[in-house]
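Peer 1: Starting off with a structure, shown below.
The values are calculated or read from the model by the stated rules, or taken from the named source; none is laboratory data. The shown structure was predicted, so the numbers you read here are calculated from the model rather than taken from an experiment. Methodologically, a virtual Cβ is constructed for each residue, glycine included, from the backbone with ideal geometry; neighbour enumeration extends over all protein chains shown.
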């Protein structure tokens, strides 16, 4: 099926295999508009902030953003979607052109292109205005033009250069149905009836029940969409456990081979089709940074599965891509180069990291280095890493391998495997590079990187740090940062175990 997600070099190989792969995207296209403002006072008329508009950004949204992500990741997407004959539709087309997406959007007179306008200040969305729709009664001629475009685009890809294991006769297809009216019942029926024309088929739909009979390869419902599909009530707590319990039912209901239930701030739970569930955690971010992250996740997961990656590896790549997109405010897009850079930085190629450090130091950067297990990342870790980053210009975090953690912490650790720990750390904005090491001490890495500042957490003096003499011999400084009170991985694990004992014992 594909390589394991435990080796970032193999993950990078998956990314290389999908380069230039043609993908047909069909669905609801829209425009995302961002209005950035500042506010320093409240108005007299009402308890509302007075806003001063600073600048405006526009981006492709919905199915159009999925196509943009596919292009940014190195694939060759072709988008078919209905669009209004209006200035908003023109702006969507320009965004697609600038991103290198080929579009066969079908203009529909009388329809209004959907747009989501967000007003934001201090990284907080204050207001969202939705306008436009493609629903309602659509003339039969408009539906026929859309179906003709889908068929012609499929044929265009089929007759193009052979790319990937699917071959030229079975193009890959991504369906984005967000309930905006772009995919009316006749279009859904046509795609279901002609499923055999396509190889890998990914479906992202608000209501999966409307796609019964499609038998997609991949589905990516949110926990709410998954619950709706199988008639299940979404719990307020333990959402990851609830998602796991839905996987088999979703596979049975949809016929999907790979099921990924997304949990926003809790990451995603993925079933690889062989009975194994893989939970990819993430780090919570403000909502203003997560718009479109699901599109990046969908695009990456689809490409990985299309080139034969196993479920865990595909989920790892998809979660990495989504995490990379949420570092800044705006509509999320993940670029191939950025994704590959994180895989290189994940510790398998320290020579590349040494070269980057050398270049940064030559430009005057102050290099900060720290290390640890970082198992069950918590507030204390995040505070500690932010303080470490403030001591210099480039923060490198070295993470103990799973075997190293077991030697240091015992046979029941780590709780999270190294690929998950690396993915979460990489998503932190204060962390610039993450590298793994197999030894019990990072001494060999320190000798190669030669940090200007070596940071450890605790309440002991620098003289008790085993690596301190080496750091000083190399010309560096040692800083000890205190932990956040009452925050530790061991305490969290002990609390969870105690609660489990109470539940089982009926205490």
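Peer 1: Taking the stretch 158-194 as the search range and keeping residues that are at pLDDT 95 or above and under 22 Å from residue 18 (Cα atoms), which one is surrounded by the fewest Cβ atoms within 10 Å (Cβ to Cβ)?
Peer 2: Filtering the stretch 158-194 for residues that are at pLDDT 95 or above and under 22 Å from residue 18 (Cα atoms), the one surrounded by the fewest Cβ atoms within 10 Å (Cβ to Cβ) comes out as 175.
Peer 1: Taking the stretch 224-238 on its own, how many of its residues are over 22 Å from the mean Cα position of the chain (by Cα) and closer than 11 Å to residue 209 by Cα? Before you say what the answer is, go through the steps one by one.
Peer 2: First pass over the stretch 224-238, keeping only residues over 22 Å from the mean Cα position of the chain (by Cα): 228-237.
If we keep only those that are closer than 11 Å to residue 209 by Cα as well, we get 228-231.
Summing the residues that are over 22 Å from the mean Cα position of the chain (by Cα) and closer than 11 Å to residue 209 by Cα in the stretch 224-238 gives 4.
Peer 1: Further, regarding this structure: Looking at the stretch 382-420, which of its residues are more than 21 Å from residue 356 (Cβ to Cβ), buried (at least 21 other Cβ atoms within 10 Å of the Cβ) and free of Cβ contacts under 8 Å to residues at least 60 places away in the same chain?
Peer 2: Answer for the stretch 382-420, where residues must be more than 21 Å from residue 356 (Cβ to Cβ), buried (at least 21 other Cβ atoms within 10 Å of the Cβ) and free of Cβ contacts under 8 Å to residues at least 60 places away in the same chain: 400, 405, 414.
Peer 1: Still on this structure, I have one more. Could you go through the stretch 140-154 and let me know if any residue there is farther than 30 Å from residue 242 by Cα, at pLDDT 90 or above and in a loop (DSSP other than H, G, I, E, B).
Peer 2: No: zero hits.
Peer 1: Further question on the same structure: Would a scan of the stretch 236-246 turn up a residue that is buried (at least 21 other Cβ atoms within 10 Å of the Cβ), touching a helix residue (DSSP H, G or I) at 6+ places or on another chain (Cβ under 7 Å) and in a strand (DSSP E or B)?
Peer 2: Looking only at the stretch 236-246, we keep the residues that are buried (at least 21 other Cβ atoms within 10 Å of the Cβ), and these are 243, 246.
If we keep only those that are touching a helix residue (DSSP H, G or I) at 6+ places or on another chain (Cβ under 7 Å) too, we end up with 243, 246.
After this cut, where a residue has to be in a strand (DSSP E or B) as well, the list is none.
No, because not a single residue in the stretch 236-246 is buried (at least 21 other Cβ atoms within 10 Å of the Cβ), touching a helix residue (DSSP H, G or I) at 6+ places or on another chain (Cβ under 7 Å) and in a strand (DSSP E or B).
Peer 1: Separate question: Residues that are within 27 Å of the chain's Cα centre (by Cα), modelled with pLDDT of 75 or more and assigned by TED's automatic domain parsing to the domain that holds residue 358, at least 1 per element: which strands (runs of 3 or more DSSP E) completely within the stretch 388-507 meet that?
Peer 2: Numbers: elements: 394-400, 433-437, 453-457, 477-481.
In the stretch 388-507, the matching strands (runs of 3 or more DSSP E) lie at 394-400, 433-437.
Peer 1: Considering only the stretch 1-19, how many residues are outside any helix (DSSP H, G or I) and either at pLDDT below 85 or farther than 20 Å from residue 313 by Cβ (or both)? Spell out the reasoning first.
Peer 2: Within the stretch 1-19, the subset outside any helix (DSSP H, G or I) is 1-7, 18-19.
If we keep only those that are either at pLDDT below 85 or farther than 20 Å from residue 313 by Cβ (or both) too, we end up with 1-7.
So the answer is 7.
Peer 1: Another question about this same structure. Determine if the stretch 72-80 includes at least one residue that is assigned to a helix (DSSP H, G or I) and either in contact with a helix residue (DSSP H, G or I) (Cβ under 7 Å, 6 or more places away or on another chain) or in the same structural domain as residue 313 (by TED's automatic domain parsing) (or both). Please lay out each step first, then the result.
Peer 2: Let us first name the residues in the stretch 72-80 that are assigned to a helix (DSSP H, G or I), namely 72.
Among the residues that remain, those that are also either in contact with a helix residue (DSSP H, G or I) (Cβ under 7 Å, 6 or more places away or on another chain) or in the same structural domain as residue 313 (by TED's automatic domain parsing) (or both) are: 72.
The answer is yes, given that some residue of the stretch 72-80 is assigned to a helix (DSSP H, G or I) and either in contact with a helix residue (DSSP H, G or I) (Cβ under 7 Å, 6 or more places away or on another chain) or in the same structural domain as residue 313 (by TED's automatic domain parsing) (or both).
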